[in-house]
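Notes to accompany the following structure.
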Amino acid sequence: MEEATKKPKGFPTQNIFAFFVLVLLVGAAFVIGTLWTKVQYLEGNGTKPASVGTNNNQPSTLVKLDPITKKDHIRGAKNPKAVIIEYSDLECPFCKSYHTSLKQALEEYPNDVAWVYRHFPIASLHPKAAKESEAVECANKLAGNDGFWALTDKIFEVTPSNNDLDLNILPDLANQVGLNVSDFQKCLDSGEMAENVEEGIQSGARAQVRGTPASFVMNMKSGKFQEVQGGAVPYTTLKQIIEKVLAQ
């Protein structure tokens, strides 16, 4: 009976303390390991910008490049093998220089390459650019695709870029490319083309556009496309990409 009523011996105090320290260390190691794994995942996958065609010319699933439709502004080959889809800002100095390179591409590949222009005015940098985009949309309304490209070329020709074009000269530029000034001014003042410009901006957002010019070269047969990395690249670089896409 005496044995039955004896209190069992407990762990020494220092052993209990060591046990709890061990538990805390194991828990901390687990948490740190989990966080490290998450960080590695984000650095390796989750936070990288979309990459198009850098390895096998297959676009990232993050990039949603809208299909070409009759609403797009297209110039170049009638039955192109490749199309350059560009998102541009009329007050962007890099877009101005790249505009010349894209013209050169059409001259060198008159039967193989076409060019699609989509609006992506960056309001935070060039507040005037959106109104200029509306202006070329008005030109399209009044004179079709030819009118659109004529006024787009003219604006890029005369603008100092970086939001320095005087918007008051837009009617004069419209007159220089053969548009009816009164009708042009009425269209521009109405703001009716703002929706068209916004459609381009939303299209650019789906394509993960972060700056201008942003362009993609697409093989019309396979549907594969490659992003032109670096924005306003030299024509020699653009030519290499065109050749690569044509060969797909």
Quick one: would you say F148 is touching a strand residue (DSSP E or B) at 6+ places or on another chain (Cβ under 7 Å) and either closer than 25 Å to V181 by Cα or in contact (Cβ under 8 Å) with a residue 60 or more places away in the chain (or both)? yes
The lone condition A130 fails out of (1) crowded, with 19+ Cβ neighbours inside 10 Å; (2) in a loop (DSSP other than H, G, I, E, B); (3) in contact with a Pro (Cβ under 7 Å, 6 or more places away or on another chain) is (2)
Can you pull out the residues in the range 185-197 that are assigned to a helix (DSSP H, G or I) and surrounded by fewer than 17 Cβ atoms within 10 Å (Cβ to Cβ)? Q185, K186, D189, S190, A194, E195
Right, M218: over 30 Å from T237 (Cβ atoms) and among the aliphatic types (A, V, I, L, M) or not? no
Cβ-Cβ below 9 Å, separation at least six or inter-chain, first residue in the range 221-239 and part of a strand (DSSP E or B), second aromatic (F, W, Y): which pairs? F225/F216; Q226/F216; E227/F216
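Residue-by-condition table, conditions (1) more than 30 Å from L246 (Cα to Cα); (2) part of a loop (DSSP other than H, G, I, E, B); (3) hydrophobic (A, V, I, L, M, F, W, C):
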position: C95; (1), (2), (3): no, no, yes
position: I122; (1), (2), (3): yes, yes, yes
position: L165; (1), (2), (3): yes, yes, yes
position: I169; (1), (2), (3): yes, no, yes
position: D183; (1), (2), (3): yes, no, no
Filter result (over 13 Å from I155 (Cα atoms) and polar (S, T, N, Q)) within the range 107-137: N111, S124
Between V228, V177, which is closer than 12 Å to Y87 by Cβ and either surrounded by 14 or more Cβ atoms within 10 Å (Cβ to Cβ) or modelled with pLDDT under 95 (or both)? V228
Of the residues T212, T236, only one is polar (S, T, N, Q) and under 14 Å from the mean Cα position of the chain (by Cα); which? T212
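The values are calculated or read from the model by the stated rules, or taken from the named source; none is laboratory data. Given the structure is predicted, the values throughout are model-derived calculations rather than measurements. Counting neighbours? That spans all protein chains shown, and the Cβs are built from the backbone with ideal geometry, glycine included.
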